1. Those residues that are assigned to a helix (DSSP H, G or I) and without any contact (Cβ under 8 Å) to a residue 12 or more places away in the chain, I need them from segment 263-291; list them, please.
2. Determine, yes or no, whether Asp72 is farther than 23 Å from Ile247 by Cβ, in contact (Cβ under 8 Å) with a residue 60 or more places away in the chain and more than 17 Å from the chain's Cα centre (by Cα).
3. Among the residues of segment 341-355, are any modelled with pLDDT under 85, surrounded by 14 or more Cβ atoms within 10 Å (Cβ to Cβ), under 19 Å from the mean Cα position of the chain (by Cα) and not assigned by TED's automatic domain parsing to the domain that holds Ser118?
4. Within segment 52-67, which residues are more than 34 Å from the chain's Cα centre (by Cα) and buried (at least 17 other Cβ atoms within 10 Å of the Cβ)?
5. Given the criteria crowded, with 16+ Cβ neighbours inside 10 Å, assigned to a loop (DSSP other than H, G, I, E, B) and polar (S, T, N, Q), does Ser239 qualify?
6. Ser78 - would you say it is hydroxyl-bearing (Ser, Thr, Tyr), in a helix (DSSP H, G or I) and closer than 30 Å to Tyr195 by Cα?
7. Restricting attention to segment 81-102, report how many residues are assigned to a helix (DSSP H, G or I), over 22 Å from Arg257 (Cα atoms) and without any contact (Cβ under 8 Å) to a residue 12 or more places away in the chain.
8. Report, by residue number, each residue of segment 179-202 that is within 27 Å of Leu73 (Cα to Cα) and not in a helix (DSSP H, G or I).
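The values are calculated or read from the model by the stated rules, or taken from the named source; none is laboratory data. None of these values were measured; they are calculated from a predicted model. In this analysis, Cβ positions are derived from the backbone assuming ideal geometry, glycine residues included, and neighbour counts consider all displayed protein chains.
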Amino acid sequence: MNTPELELTERQAFLVLNALPNIGPITLNRLLEELGGDPREIFKTDRRRLESVKGVGPVISATLGAWREKFDLAREESRMAQSHADFLTGRDEAYPKLLREISDPPIALYRKGRFDFSQPCVAIVGSRRTTLYGQATAKKLGAELARLGFCIVSGLARGIDTSAHEGALSVEGKAVAVLGNGLDIVYPPENLQLYRKIEESGGAILSEFPLGRRADRQSFAMRNRIVAGMCEATIVVESDVDGGAMITARFAGEQGRLLFAVPGRIDQPTSAGCHQLIRDGATLLTSVDDLLGELNYLDGLRPSPIPEKPGTPAGTPANLTADEARVFACFAGGAMLTPDALGEQTGLSAAQLSAVLMMLELKRAVAKRADGSFEARS
């Protein structure tokens, strides 16, 4: 039997309101504003008064009046306890601060994991149907930004989202996955281990949808506004012109957030969306320095970087992956080395080494000499 209406706590009232059909966050926030901010008052107010609020018609007022028929509160609380999930309202300190600023913030979020959103967040999003270049780029960006102290936010989807999460976790950084379904549903199912690792590593899994809610086209779009809204910047790595990442990019622009796009091959469909974003005013991104410059982070204002693991040579740039740091270490003492010599010292294949050297050049960590050898930049 459900908790009687008058015995609802404030948190329970938010839980009910968040789960009811036909009522979106804009209308819920209007109701809260009109009725003094206490969510319990919404259930005590007569239909005529409810329908005087913009956006509230007979369907919504009837849904509110018959909420017990629409939502099993006791069952939801039991499932939350079993799932070790908590419920953050917009008034909780742990609720993402930047998310409060958008025009249609969720009134609450389900959360697994203990990340409290005091750490600056950057979204990395892109296509599910991606290329090896896109996957490698997303993973590198995720790792480099996480090592600098940023939390990497994405949607746990196949492709770019997965690579971005994996990049952050590879350097023991923090990641947040925002779902387009209930927290008790892992989609895609092959990301179950990634889902668990994000939670266990001090990150979080978030959703505004009640447990058991399946994803659909509308829920994915709602998820995308949260991804963009809780982050200082959004990076689109690969996307075709009508991909879901373009929706996230549009939200970022509308919300006044920084928007970056990674360029790709002109004959690759998954680069078409990024190139369109760049033409439309998104900042072209080739390294994390592009983002740091736009954010205007001063040394004293940057998030706390993740300490390097023991054994990292002094003077190694902070934004290098493990392979990049291994190659960079070969240049200690001013050594000038050919790719063949670097391959012998590191054990990397020619293809791996070529990619690493390219990234080290883009990061201005090494320079290529006229004779084809490389040296560290002073």
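1. Of everything in segment 263-291, just one residue is assigned to a helix (DSSP H, G or I) and without any contact (Cβ under 8 Å) to a residue 12 or more places away in the chain, namely Arg279.
2. In short, yes.
3. No: zero hits.
4. Ser61, the sole residue that qualifies.
5. Here the answer is yes, as Ser239 does meet what is asked.
6. yes
7. Qualifying residue count, segment 81-102: 2.
8. Leu179, Gly180, Asn181, Gly182, Leu183, Asp184, Ile185, Val186, Tyr187, listed by residue number.
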